[in-house]
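Heads up: the structure comes next, in structure tokens.
What follows draws every value from the coordinates through simple rules; no lab data is involved. Predicted model only: the values in this text are computed from it and were never measured. Note that each Cβ is placed from the backbone with ideal geometry, even for glycine, and that neighbours are counted across all protein chains shown.
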Amino acid sequence: MRILLAAPDRDILMCYERLLSQEGHEVTTAFDGMQIPQLLAGSGPEAVILDLDLPGLDRSRILRMFAEDNIPVVALGEALPENADAKNIRSLRYPFLPEELFAALEALPGKRSLPGTADAAPGKDIGER
């Protein structure tokens with residue numbers, strides 16, 4: 001699956017990129033919210049993993065843009081904005097295990113199944129403990 005991965009911490013970004021690549025995904029990365037519109041045009045992602053604390057990110061605007069383009073999102077971190085269209089979004093709160101990230105990706109609408117993961121309900125906070 002082609003994934004756009006956006007997170008502010010470059011070390012964590014590299015770690016997630018490595019994990020996802022080892023699972024066979026094609027990963028494009030961004031460490032700043034202002035990079036996302038450019039990368040959407042270039043990479044044509046099938047899914048986005050987005051840290052909601054990303055600098056330069058207007059959460060409501062970017063989530064609306066993903067919804068309009070029918071791109072499912074795994075949102076990392078804090079709660080979603082109230083006006084977010086939750087049907088294409090899975091929320092994952094820190095801290096989480098790699099298996100939880102894979103489960104969130106599997107739970108996205110229309111995505112292929114990943115071995116050893118569980119389904120999640122739309123809009124559910126997967127990493128909540």
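In table form, for the structure just shown:
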| item | result |
| --- | --- |
| Chain lengthening between Phe96 and Gln38 when straightened (0.36 nm per residue, less Cα-Cα) | 18.0 nm |
| Positive-pole candidate from Met14, Asn88, Pro98, dipole of the stretch 2-106, charges at beta carbon | Asn88 |
| 3J(HN,Hα) from dihedral phi, the stretch 11-25, Karplus parametrisation 6.51/-1.76/1.60, rounded to Hz, x for glycine, proline | 5, 5, 4, 5, 5, 4, 4, 4, 4, 5, 5, 5, 8, x, 8 |
| Estimated vicinal HN-Hα couplings, Hz - the stretch 68-74 in sequence order (Karplus 6.51, -1.76, 1.60; Gly, Pro = x) | 5, 8, 6, 9, x, 10, 9 |
| Cα gyration tensor shape of the stretch 2-106, rounded if a/c is under 1.5, else prolate or oblate by comparing a/b with b/c | rounded |
| Simple spin-label estimate for Met1 and Glu68 in nanometres, 7 Å along Cα-Cβ | 2.4 nm |
| Computed FRET value (nearest 0.05) for Asp11 with Glu78, which takes r as the C-beta separation and R₀ as 30 Å | 0.90 |
| Cut-off under 5 Å, modelled amide H: who pairs with Ile89 long-range | Val73, Gly123 |
